[in-house]
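A quick write-up on the structure given underneath.
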Amino acid sequence: MNVGIDLISFYTPQYFLGLNVLAQERGVDPDKFTIGIGQEKMAIPPPDEDIVTMAASAAHPILEKVGRENIELLLFATESGIDQSKAAAMFLHGLLKLPARCRAVELKQACYGATAGLHLAAAAVAARPGIKALIVGSDIARYDLRSPGEPTQGAGAVAMLVTVNPRVLALDPETGLYAEDVMDFWRPNYRDEALVDGKYSMRIYLAALEECWKQYAALTGRKFHDIARYCYHLPFTRMAEKAHIRLAKFAALKELTGEELETEIGDSLRYNRITGNTYSASLYEGLTSLLDHAAEDLSGQRIGLFSYGSGCMGEYFSGVAQPDYRQHLFTTAHRAMLDGRTALTYRQYEDIFQLGFPTDGGDHAFAQYRTGPYRLAGVSQHKRLYERIA
Ligand code: COA
């Protein structure tokens, strides 16, 4: 029995800042951002958007297509939590009008959370093949202004429906795992911006990749060339290039040509390059980007996925693209959403960044910006108020 991703949908806010604008403001050569880090634009959520509205907007097309029946598991992965007690999954459950018979919970392990969710969901669905699971990764990557992490900010969400006999990607059962207690990236409860030892996090990411691959290869007997396309966790696209070059050397003693690098990972980077880091969603944004862009039909081909969450947790796993998977993608909607975005000026970006969230317990209605079908209408007596607008 196959288990895996039946449908996958991606959402990013309707506003972005061009990294050429940021480079000019910071007095940095724009090539550092576009070539050195590999990013062009970073998505900026307006004040009436948060992880819940992004998650709901990502999940909306899936529910429009298949309905809500038998969704018995809702897992919400995020490291941009809005409440220390109530799971973002509960807000999402309400907004999406999911069945009352549903296990809904929030998961956290930095950018790795959605991968934990995907494997937990696959196990639940394999045990009870009649049920479906909805997994969402939704995050806002936010660093201090003028810090090295600033150009790697971004925002977005990916929703995945996990079922038996999936139409998009059947998961292989074997995975390589690596857990270690390290301080490469963290965000204490009293801070809105993450703290990061960037160079250290890149080193740990690569070390975890080698360890996870080693286990994966031993368990499956597969070699580097048994995998047709590779997806990586994407804090910025240059990281995936470094990772893939490293893996080719480690796993196959191979120096990749530029053309091989482009064929094996190029399509998976296209969305991230123009949204920035989406943390828990980023690996799956990469998978969506690959499936939406691949010129070749990948049906029957194996896709390798490396998930990394600082702190740190790594996992190497794979899946096989299913026959006719292209008929079940949301490619046209993704392209329209990305093409319709509005560019912000530097001033607008900094104004949104500095806005802050009301904490006085009063009643605050939020101005309406461009969002997906759901928005954060305001906050009243410390309670977030969401609404559906389309
Ligand atoms: N033209 C082209 N490339 C340039 C350049 C220019 N004018 N100026 C610098 N670069 C290159 C550098 O050589 C470097 O490339 P390399 O890594 O291949 O050597 C790259 O751009 C980044 O420059 P660097 O000076 O190392 O950047 P930084 O100190 O500003 O930090 C990060 C970069 C990624 C570490 C930082 O943005 C960060 O901390 N990001 C968040 C953390 C993160 O994403 N961690 C990843 C693991 S999850």
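The values are calculated or read from the model by the stated rules, or taken from the named source; none is laboratory data. Model, not experiment: these values are computed from the prediction. Cβ coordinates were reconstructed from backbone atoms using ideal geometry, including for glycine residues, and neighbour counts include every protein chain displayed. With ligands, DNA and RNA removed, areas are computed over all heavy atoms of the protein, side chains included. Shrake-Rupley method; radii C 1.70, N 1.55, O 1.52, S 1.80 Å.
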Go through (1) under 20 Å from Gly117 (Cα atoms); (2) crowded, with 16+ Cβ neighbours inside 10 Å and name the single condition Asn165 misses. (2)
Given the residues Leu338, Leu376, which is the only one that is in a strand (DSSP E or B) and either under 21 Å from the mean Cα position of the chain (by Cα) or not β-branched (Val, Ile, Thr) (or both)? Leu376
How many of the residues making up segment 199-234 are open to solvent by 30 Å² or more (accessible area, probe 1.4 Å) and within 11 Å of the ligand (Cβ to nearest atom)? 4
Residues in segment 290-310 that are touching a Phe, Trp or Tyr at 6+ places or on another chain (Cβ under 7 Å) and either surrounded by fewer than 24 Cβ atoms within 10 Å (Cβ to Cβ) or closer than 16 Å to Leu247 by Cβ (or both): how many? 6
Of Leu234, Leu247, Leu261, Leu177, which residue is in contact with a strand residue (DSSP E or B) (Cβ under 7 Å, 6 or more places away or on another chain), modelled with pLDDT of 95 or more and on the phi < 0 side of the Ramachandran plot? Leu177
So which pairs qualify, if the first residue must be in segment 342-371 and over 16 Å from Glu150 (Cβ atoms), the second must be open to solvent by 70 Å² or more (accessible area, probe 1.4 Å), the Cβ gap must be under 6 Å, and the two must be at least 6 apart or on different chains? Gly361/Gln381; Gly361/His382
For Asp339, are the conditions met, namely being in contact (Cβ under 8 Å) with a residue 12 or more places away in the chain and either aromatic (Phe, Trp, Tyr) or surrounded by fewer than 18 Cβ atoms within 10 Å (Cβ to Cβ) (or both)? no
Test result for Asp197, of a type in the set (Asp, Glu), free of Cβ contacts under 8 Å to residues at least 24 places away in the same chain and on the phi < 0 side of the Ramachandran plot: yes
Considering only residues that are within 14 Å of the ligand (Cβ to nearest atom), open to solvent by 20 Å² or more (accessible area, probe 1.4 Å) and either farther than 14 Å from Pro148 by Cα or not β-branched (Val, Ile, Thr) (or both), which ones fall in segment 13-34? Asn20, Gln24, Arg26, Gly27, Asp29, Pro30, Asp31, Lys32, Thr34
Hey, could you check segment 120-153 for residues that are more than 16 Å from the ligand (Cβ to nearest atom) and surrounded by fewer than 19 Cβ atoms within 10 Å (Cβ to Cβ) and say which is modelled with the lowest pLDDT? Gly130
A careful count of residues in segment 103-119 that are crowded, with 19+ Cβ neighbours inside 10 Å and in a strand (DSSP E or B) gives 5
For residues in segment 46-84 being hydrophobic (A, V, I, L, M, F, W, C) and over 16 Å from Tyr374 (Cβ atoms), which is surrounded by the fewest Cβ atoms within 10 Å (Cβ to Cβ)? Val66
Going residue by residue through segment 326-334, is there one that turns out to be within 30 Å of Gly36 (Cβ to Cβ) and in contact (Cβ under 8 Å) with a residue 60 or more places away in the chain? yes
Helices (runs of 4 or more DSSP H) within segment 235-289 that include 2 or more residues open to solvent by less than 10 Å² (accessible area, probe 1.4 Å) and within 16 Å of the ligand (Cβ to nearest atom): 237-252, 267-275
Take segment 154-192 and flag every residue that is within 16 Å of the ligand (Cβ to nearest atom) and of a type outside the set (Asp, Glu). Gly154, Ala155, Gly156, Tyr178, Ala179, Val182, Met183, Phe185, Trp186, Arg187, Arg191
Can you tell me which residue is most open to solvent (accessible area, probe 1.4 Å) among those in segment 35-45 that are within 14 Å of the ligand (Cβ to nearest atom) and not acidic (Asp, Glu)? Ile35
When you go through (1) open to solvent by less than 40 Å² (accessible area, probe 1.4 Å); (2) within 16 Å of the ligand (Cβ to nearest atom); (3) in contact with a helix residue (DSSP H, G or I) (Cβ under 6 Å, 6 or more places away or on another chain) one by one for Leu92, which number turns out not to apply? (2)
